[in-house]
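The values are calculated or read from the model by the stated rules, or taken from the named source; none is laboratory data. Because the structure is predicted, anything quoted here is derived from the model rather than measured. Heads up, the Cβs are rebuilt from the backbone with ideal geometry, glycines too, and the neighbour counts pull from every protein chain shown.
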Amino acid sequence: MAKNYKAMKEAFVSNHTGSSVSEINYVTLVAPSTVLLWSVLQSRLRLFTPYNPSAILIDFLLNCAAILFATTIYSSAPALLNLLLLLPALSVYLTSTSPPKQTKPRPPTQSNASSQSTQPPFPVKPFVTNYRGTMMVVTCVAILAVDFRIFPRRYAKVENWGTSLMDMGVGSFVFSAGVVSARSIWKGQLSKKSTPLFRRLAASVKHSLPLLVLGVIRLYSVKGLDYAEHVTEYGVHWNFFFTLGFLPPFVAIFQSAFSIIPSYAILSCLLGIAYEAALDFTDLKAFIITAPRTNLLSQNREGIFSFFGYLAIFLAGQAAGMYVLPRQQQIARDATRREILQKSTLARLVMWTFIWSSFFFFSTSYYGLGLAVSRRLANLPYFLWVTAFNCGQITLFCAIESLCFPDIYKTGDIETEKRKCKEATSRVLHAFNRNGLAIFLLANLLTGLVNLTLPTLHMRQMQSMGVLVTYISIVCGVALLLDRQNISIKL
């Protein structure tokens with residue numbers, strides 16, 4: 001009976017046709033919509049200051065429950081859910097004003113002037129936290145919801161060709177990791193100290209070891225518990241933790257190439273094009289899709305070769321991080337369009353979103369390359385799709401911050417800026433972002449526990465929603481508890 005249920009679950013997860021790019025955009029637009037409503041409520045009504053139990057509940061409902069509803073009971077009408085979130089935000093924004101400042105601005109003193117000149121070059125930006133936090137919430141929701149019938153099959157990972165919500169989630173996880181990794185690159189450039197390749201590799205291996213250990217633990221737990229798995233996702237032994245674990249050493253190598261080609265965007269494109277050429281002009285594509293699993297390489301061919309596509313996505317994330325993370329320079333009122341494009345973070349995000357989107361449509365259109373997206377291969381269209389989508393998401397979050405909290409970085413001292421940034425950031429999303437990988441690991445453990453104890457495929461809608469709401473509440477509660485105790489778990 002258990003084996004029959006396992007076989008049925010494997011067939012259930014794999015038997016679907018995917019969803020369109022436009023539908024995925026509607027579903028994922030729920031995250032910016034919730035952040036917009038949260039930001040309007042905070043900037044106009046100070047609803048989340050102080051952060052009392054009612055504020056915690058509303059924060060959870062907006063940034064966790066709404067995303068869960070978008071992928072389950074509102075999956076057939078994501079536009080309606082977006083409308084239900086945007087209308088209150090628009091109403092509050094138009095009918096109320098920002099609360100007056102509690103203290104009158106004082107002229108800058110000697111200490112304030114000096115502190116302003118020594119402000120850190122990489123401030124904590126709320127829109128980056130919101131972007132990464134919502135991405136983590138969507139990931140945690142989807143990895144368990146996919147095992148229930150209430151979660152549409154078209155949102156689950158596609159077998160060979162096509163697009164789906166979970167296909168985007170995997171790539172977004174890698175892209176967001178690339179965004180924040182740009183901070184260390186900037187610090188190295190500012191210090192004007194070049195680290196030898198051997199030392200970079202040693203440091204990257206040290207960073208990779210915990211992830212590789214997690215990959216081994218997941219491998220043995222899945223095999224030992226006879227847990228349902230889909231082999232064509234990564235292979236017989238490979239899993240996503242191995243992909244994450246092998247990224248740092250290869251990224252360290254590409255940092256050497258940065259001295260020759262000083263653009264991570266160009267490096268990512270070159271890698272994506274080279275990998276696509278190998279797929280199209282050699283037997284590599286046929287080997288990945290149809291080869292028998294006779295040895296270690298063929299058994300794990302999806303995970304091994306798709307790694308190059310994920311590496312290109314990570315480098316593209318680094319390219320975005322290079323202009324997203326630094327402090328924005330002051331823009332004069334009479335600045336030219338070129339100066340605005342060079343200095344404005346939002347303007348550069350809009351430009352790069354347009355560029356990556358144009359590349360994606362060219363790669364998939366009939367009059368372009370005519371290629372199909374494949375998460376299994378992590379081919380060129382998949383790399384461009386993930387990159388364009390994530391740049392677009394960050395652009396929306398940046399626009400929301402500019403609209404609701406325009407004066408965050410215009411303060412006279414560091415402490416005031418930190419306070420304003422904290423007030424402009426959802427505590428729930430900050431908690432998910434702060435311990436992202438640890439929360440992802442907890443979500444995986446809870447997912448395994450639920451699947452081993454409950455017949456998820458046979459549960460009705462109300463039962464499924466009860467389990468999923470309880471699950472995301474536990475994950476959110478642990479994240480908030482770790483944040484409240486000022487605990488950061490680095491894996």
Kindly check whether there is at least one residue in the range 297-317 that is in a helix (DSSP H, G or I), surrounded by fewer than 21 Cβ atoms within 10 Å (Cβ to Cβ) and without any contact (Cβ under 8 Å) to a residue 24 or more places away in the chain. yes
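For the structure I just gave you, tell me whether Arg327 is surrounded by fewer than 19 Cβ atoms within 10 Å (Cβ to Cβ), outside any helix (DSSP H, G or I) and among the charged types (D, E, K, R). Please lay out each step first, then the result.
Numbers: surrounded by fewer than 19 Cβ atoms within 10 Å (Cβ to Cβ): yes; outside any helix (DSSP H, G or I): yes; among the charged types (D, E, K, R): yes.
The answer is yes for Arg327.
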Going residue by residue through the range 166-177, is there one that turns out to be free of Cβ contacts under 8 Å to residues at least 60 places away in the same chain and touching a His at 6+ places or on another chain (Cβ under 7 Å)? no
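Does Lys157 satisfy being over 21 Å from Leu311 (Cα atoms), charged (D, E, K, R) and modelled with pLDDT under 95? Give the steps one after another, and end with the answer.
On the way: over 21 Å from Leu311 (Cα atoms): no; charged (D, E, K, R): yes; modelled with pLDDT under 95: yes.
For Lys157, the condition - over 21 Å from Leu311 (Cα atoms), charged (D, E, K, R) and modelled with pLDDT under 95 - is not met.
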With Ile143, Ile217, Ile150 as the choices, which residue is in a loop (DSSP other than H, G, I, E, B), of a type outside the set (Phe, Trp, Tyr) and at pLDDT 85 or above? Ile150
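Got a number for residues in the range 358-372 being within 18 Å of Ser19 (Cα to Cα) and either free of Cβ contacts under 8 Å to residues at least 24 places away in the same chain or in contact with a Leu (Cβ under 9 Å, 6 or more places away or on another chain) (or both)?
5
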Members of the range 220-255 that are farther than 19 Å from Ser181 by Cα and assigned to a helix (DSSP H, G or I): Tyr220, Ser221, Val222, Lys223, Gly224, Val231, Thr232, Glu233, Tyr234
Residues of the range 427-449 satisfying the condition of being touching a residue at least 24 places away in the same chain (Cβ under 8 Å) and over 16 Å from the mean Cα position of the chain (by Cα): Arg427, Leu442, Asn444, Leu446, Thr447, Gly448
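Just the residues that are hydroxyl-bearing (Ser, Thr, Tyr) and either surrounded by fewer than 18 Cβ atoms within 10 Å (Cβ to Cβ) or touching a Cys at 6+ places or on another chain (Cβ under 9 Å) (or both), please, taken from the range 228-254.
Kept after step one, since they are hydroxyl-bearing (Ser, Thr, Tyr), are these residues of the range 228-254: 232, 234, 243.
Selection gives Thr232 alone.
Looking at Ile260, Ile253 in this structure, which one is under 17 Å from Tyr310 (Cβ atoms) and either at pLDDT 90 or above or not acidic (Asp, Glu) (or both)?
Values: Ile260 fails: under 17 Å from Tyr310 (Cβ atoms).
It is Ile253.
Answer yes or no: is there a residue in the range 47-54 that is assigned to a helix (DSSP H, G or I) and either surrounded by 20 or more Cβ atoms within 10 Å (Cβ to Cβ) or in contact (Cβ under 8 Å) with a residue 12 or more places away in the chain (or both). Let's see the steps before the verdict.
Going residue by residue through the range 47-54, those that are assigned to a helix (DSSP H, G or I) are 53-54.
If we keep only those that are either surrounded by 20 or more Cβ atoms within 10 Å (Cβ to Cβ) or in contact (Cβ under 8 Å) with a residue 12 or more places away in the chain (or both) too, we end up with none.
No: the range 47-54 contains no residue that is assigned to a helix (DSSP H, G or I) and either surrounded by 20 or more Cβ atoms within 10 Å (Cβ to Cβ) or in contact (Cβ under 8 Å) with a residue 12 or more places away in the chain (or both).
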When you check Ile394 against the structure, is it exposed (fewer than 15 other Cβ atoms within 10 Å of the Cβ), assigned to a helix (DSSP H, G or I) and in contact (Cβ under 8 Å) with a residue 12 or more places away in the chain, yes or no? no
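Go over the candidates Leu83, Leu94, Leu87, Leu57 one by one and state the one that is assigned to a helix (DSSP H, G or I), modelled with pLDDT under 95, out of contact with any Pro (no Cβ under 9 Å at 6 or more places or on another chain) and loosely packed, with under 13 Cβ neighbours inside 10 Å. Even if it seems obvious, please write down each step before you answer.
Details: Leu83 fails: modelled with pLDDT under 95; Leu87 fails: modelled with pLDDT under 95; Leu57 fails: modelled with pLDDT under 95.
After ruling out the rest, the residue left standing is Leu94.
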Quick test for you: out of Phe397, Phe440, pick the one residue that is farther than 18 Å from Met166 by Cα and of a type outside the set (Asp, Glu). Phe397
Which ones in the range 323-354 are aliphatic (A, V, I, L, M) and either modelled with pLDDT under 85 or over 22 Å from Leu380 (Cα atoms) (or both)? Val324, Leu325, Ile331, Ala332, Ala335, Ile340, Leu341, Leu346, Ala347
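Look through the range 256-295, keep the residues that are assigned to a loop (DSSP other than H, G, I, E, B) and hydrophobic (A, V, I, L, M, F, W, C), and return whichever of them is surrounded by the fewest Cβ atoms within 10 Å (Cβ to Cβ). Give the steps one after another, and end with the answer.
Quick first cut of the range 256-295, residues assigned to a loop (DSSP other than H, G, I, E, B) only: 258-263, 282-283, 291-295.
Narrowing further to those that are hydrophobic (A, V, I, L, M, F, W, C): 258, 260-261, 291.
Numbers: Phe258: 16, Ile260: 7, Ile261: 12, Ala291: 15.
Applying the filter and picking the extreme gives Ile260.
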